[in-house]
Amino acid sequence: MRGSPSVSGRGIQLDRVCAGYGGRRVFDRLSAEFPSGALTMLLGPNGSGKSTLLRLLGGALPFSGNAVLAGRSLRRLSSGQRGKLVGMVSQSPSLSFPFTVEEVVLLGRLPHRKFLSGWTTEDRGCAMEAVREMELGEMLSRRVSSLSGGEKQRVLIAQVIAQQPEVFLLDEPSSALDPRHTLRLFRFLRKCAREGATVVAAVHDINLAAEYADSVCFLKNGRIEAFGDVEEALNDSVLSSVYDVPFASFGADLREDGRWRRVWRAV
Ligand code: ADP
């Protein structure tokens, strides 16, 4: 990856973290570790805390306890430092302002830009690489407000790719993507993880996790029900208890990385 940040395998550690909204706690002494060099998928029913956890890790939610991100205390990171380290794709953000696709992708470079200076060749190179990754080349001069939901989602993903963060936090990043761009996105995220990034993505599609995740983390009612290597933690009994519905798995296929996967279905 062009101009990749120096990634030193630091991951995310949470130690007895409490957080919520107003007086209502979503997490009560949550401890977990999201390793660098891995693509971890967050799964769990609606309201289990996936978005809240991503918001917290993105610095958008107050908490008590300790959270360490890429070797730094999350609480002590300034927004500028956080911008260089953490790339966040939120769920259904609005893109109604009159910017073009190119301008929105370039904004991903803002945390790297020096005060009062313009975009550098490196900034433009990173943005164009992100544009290629998300296949946005033909719509660079279009206003983002005129794009379809899936196209907007690709623009926001490209913005985070241009940012070149050490930690990627993604909340249902493929909810509006077609199969081609879903595949491109998760192949790209897996590549970033192989290069040392910490990648945490909330998804609903269990088979997407079976295919691309290194690890899975199942949340329910703000607690971690299972967390581990995809081959171990993704199984009938975990799925049935987390989602309160029986699951069947069938067939067996080879993942691109040569590992076996099963196909899951609620029954
Ligand atoms: P998930 O992403 O797993 O669907 P969330 O993290 O969005 O779950 O929600 C966890 C809990 O926090 C739910 O009970 C939800 O209703 C509540 N919640 C989420 N966002 C807010 C908010 N902005 N204000 C108050 N409660 C919220």
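The values are calculated or read from the model by the stated rules, or taken from the named source; none is laboratory data. Nothing here was measured: the structure is a model prediction, and the numbers come from that model. Cβ coordinates were reconstructed from backbone atoms using ideal geometry, including for glycine residues, and neighbour counts include every protein chain displayed. Ligands, DNA and RNA are excluded from the accessible area calculation, which covers all protein heavy atoms including side chains. Shrake-Rupley method; radii C 1.70, N 1.55, O 1.52, S 1.80 Å.
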Qualifying residue in the range 4-13 (condition: within 16 Å of the ligand (Cβ to nearest atom), at pLDDT 95 or above and open to solvent by less than 50 Å² (accessible area, probe 1.4 Å)): no
Neighbours by Cβ (under 8 Å, 6+ apart or cross-chain): first from the range 217-240, of a type outside the set (Phe, Trp, Tyr); second open to solvent by 50 Å² or more (accessible area, probe 1.4 Å) and within 12 Å of the ligand (Cβ to nearest atom): 222/25
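Condition check ((1) within 13 Å of the ligand (Cβ to nearest atom); (2) open to solvent by 10 Å² or more (accessible area, probe 1.4 Å)) across all residues:
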{"position": "21", "(1), (2)": "yes, yes"}
{"position": "27", "(1), (2)": "yes, no"}
{"position": "35", "(1), (2)": "no, yes"}
{"position": "50", "(1), (2)": "yes, yes"}
{"position": "79", "(1), (2)": "no, yes"}
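Considering only residues that are farther than 15 Å from residue 153 by Cα and surrounded by 14 or more Cβ atoms within 10 Å (Cβ to Cβ), which ones fall in the range 108-119? Before you say what the answer is, go through the steps one by one.
If we filter the range 108-119 for residues that are farther than 15 Å from residue 153 by Cα, which is where we start, we get 109-119.
Hits for the range 108-119 are 109, 110, 111, 112, 113, 119.
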Condition met for residue 94 (assigned to a loop (DSSP other than H, G, I, E, B) and open to solvent by less than 40 Å² (accessible area, probe 1.4 Å)): no
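Is it true that residue 60 is away from the ligand (no atom under 12 Å from the Cβ) and hydrophobic (A, V, I, L, M, F, W, C)?
Numbers: away from the ligand (no atom under 12 Å from the Cβ): no; hydrophobic (A, V, I, L, M, F, W, C): yes.
So residue 60 does not fit the description; no.
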Test set (1) within 19 Å of residue 170 (Cβ to Cβ); (2) more than 17 Å from the chain's Cα centre (by Cα) - residue 59 fails condition number: (2)
Qualifying positions in the range 236-265 - of a type outside the set (Phe, Trp, Tyr) and open to solvent by less than 50 Å² (accessible area, probe 1.4 Å): 238, 239, 240, 242, 245, 248, 249, 251, 255, 258, 261, 263
The range 219-228, residues that are open to solvent by 60 Å² or more (accessible area, probe 1.4 Å) and of a type outside the set (S, T, N, Q): 223, 225, 227
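Looking at this structure, is residue 202 open to solvent by less than 10 Å² (accessible area, probe 1.4 Å), more than 23 Å from residue 17 (Cβ to Cβ) and either of a type in the set (A, V, I, L, M) or within 16 Å of the ligand (Cβ to nearest atom) (or both)?
Details: open to solvent by less than 10 Å² (accessible area, probe 1.4 Å): yes; more than 23 Å from residue 17 (Cβ to Cβ): no; either of a type in the set (A, V, I, L, M) or within 16 Å of the ligand (Cβ to nearest atom) (or both): yes.
Against the criterion (open to solvent by less than 10 Å² (accessible area, probe 1.4 Å), more than 23 Å from residue 17 (Cβ to Cβ) and either of a type in the set (A, V, I, L, M) or within 16 Å of the ligand (Cβ to nearest atom) (or both)), residue 202 does not qualify.
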Some residue of the range 151-174 being surrounded by fewer than 23 Cβ atoms within 10 Å (Cβ to Cβ) and without any contact (Cβ under 8 Å) to a residue 12 or more places away in the chain: no
Close pairs (8 angstrom Cβ cut-off, 6 or more residues apart or separate chains): within 13 Å of residue 202 (Cα to Cα) and of a type outside the set (Ser, Thr, Tyr) in the range 47-67, assigned to a helix (DSSP H, G or I) and more than 7 Å from the ligand (Cβ to nearest atom) anywhere: 57/74
